[in-house]
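Each reported figure results from applying straightforward, stated rules to the coordinates on display, with no laboratory input. From a predicted model like this one, the values you see are computed outputs, not experimental measurements. For neighbour counting, all protein chains shown are included, and Cβ atoms are generated from backbone atoms with ideal geometry for every residue, glycine included.
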Amino acid sequence: MLQGILPVLPTPFTAEGAIDPGGMARIVDFALACGADGVVFPGFASEVDELTAEERETLLRLVVERVGGRVPVVAGASAPTVEEAVAHSRAAMALGIDTVMIQAPKSVGVGAEAVAAFYRAIAEQVPGLRIVLQNAPAPRGSDLSPQTILEIVRGNPAIIYVKEETLPSGGPISAILAGRPPHLEGVIGGGGARYLIEEYQRGACGAMPAVELTDLHVAMDRHFRAGEIDAARDLYMRSLPLLVIQANFRMRFTKHVLTQRGVLNNDVVRARTPQLDSHDKAEIEAWLNRVAALFTTSQVPAA
């Protein structure tokens with residue numbers, strides 16, 4: 001079962017802009033050292049739209065090899081067409097990954113019948129596939145209603161999880177869990193862990209944030225599962241200022257923090273994101289200093 005903290009891994013690049021396999025290995029090592037319950041690659045936070053098919057396959061293979069079966073690997077297989085999603089899913093299966101996350105594509109609209117047909121075609125063409133249906137908010141995603149999601153899931157036993165990240169996510173999580181069919185194993189939270197406590201209170205089985213605060217998120221998860229809600233809330237409050245900044249800078253924030261934590265040696269991104277200036281970096285570092293004592297992993301040796 002997928003549960004707990006399953007960070008979406010970023011794609012590291014060299015100073016020249018090429019993919020950086022050594023950096024990818026260090027990111028995986030960092031996530032595992034922080035106690036991640038699984039990893040996800042590639043996803044939106046991985047700058048997946050900026051990767052070639054060869055690059056994503058190279059890095060996904062490296063992730064699988066580096067994880068070495070210690071935790072589940074969820075492969076991103078989102079695409080605007082059935083054919084592309086099937087190709088991504090088959091590539092994942094060839095690497096031994098049977099669970100893929102596929103966002104409901106805007107290309108097929110928001111009607112239950114059309115979206116259900118999309119997922120059904122994928123499941124039929126890739127036997128044995130386990131699907132995480134990602135429901136992303138507009139404008140990036142289709143923003144499907146809980147009723148639509150339940151209609152889709154009930155007709156497709158290959159869909160075993162929903163990643164719900166529409167805003168606000170709490171009500172939809174409750175509605176999906178209240179009406180879920182037996183084969184749906186759980187609902188996973190999104191939104192970069194900015195709403196983690198509420199999502200867990202609603203019954204989410206896990207979360208898929210970015211990777212740079214994984215040890216802090218793992219501690220939050222463990223406190224919550226132990227019934228230590230006040231301790232979990234305290235960690236949540238201490239992490240939130242950083243997550244608010246992360247919401248604006250996305251991958252660039254993630255990579256900057258990873259450089260500060262000794263995992264990466266640059267914060268190069270391909271995606272179009274706002275630049276961090278000296279004031280932004282000083283503010284990030286001030287908040288990092290306030291939570292530094294909570295980090296369990298400060299640096300990862302070079303791969």
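Structure values in brief
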quantity	calculated
Number of the exception - F41 against (1) touching a residue at least 60 places away in the same chain (Cβ under 8 Å); (2) under 12 Å from the mean Cα position of the chain (by Cα); (3) under 29 Å from A114 (Cα atoms)	(1)
Failed condition for G35, given (1) crowded, with 23+ Cβ neighbours inside 10 Å; (2) within 20 Å of T254 (Cα to Cα); (3) of a type outside the set (A, V, I, L, M)	(1)
Looking only at the range 1-53, and only at residues there that are in a loop (DSSP other than H, G, I, E, B) and of a type in the set (D, E, K, R), the one that is farthest from H88 (Cα to Cα)	E16
Matching residues in the range 273-294 - criterion: being touching a residue at least 24 places away in the same chain (Cβ under 8 Å) and either hydroxyl-bearing (S, T, Y) or part of a helix (DSSP H, G or I) (or both)	T273, D280, K281, E283, I284, E285, W287, L288, R290, V291, L294
Candidates P105, P139 - the one that is surrounded by fewer than 18 Cβ atoms within 10 Å (Cβ to Cβ) and either over 21 Å from A207 (Cα atoms) or not hydrophobic (A, V, I, L, M, F, W, C) (or both)	P139
Single unsatisfied condition, K163 versus (1) touching a residue at least 60 places away in the same chain (Cβ under 8 Å); (2) touching a Ser or Thr at 6+ places or on another chain (Cβ under 9 Å)	(2)
Among the residues listed as L62, L6, the single one being under 21 Å from N265 (Cα atoms) and within 18 Å of the chain's Cα centre (by Cα)	L62
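Quick grid of which residues meet (1) among the charged types (D, E, K, R); (2) more than 21 Å from P137 (Cα to Cα):
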position: A207; (1), (2): no, no
position: Y236; (1), (2): no, yes
position: L258; (1), (2): no, yes
position: R261; (1), (2): yes, yes
position: R290; (1), (2): yes, yes
position: F295; (1), (2): no, yes
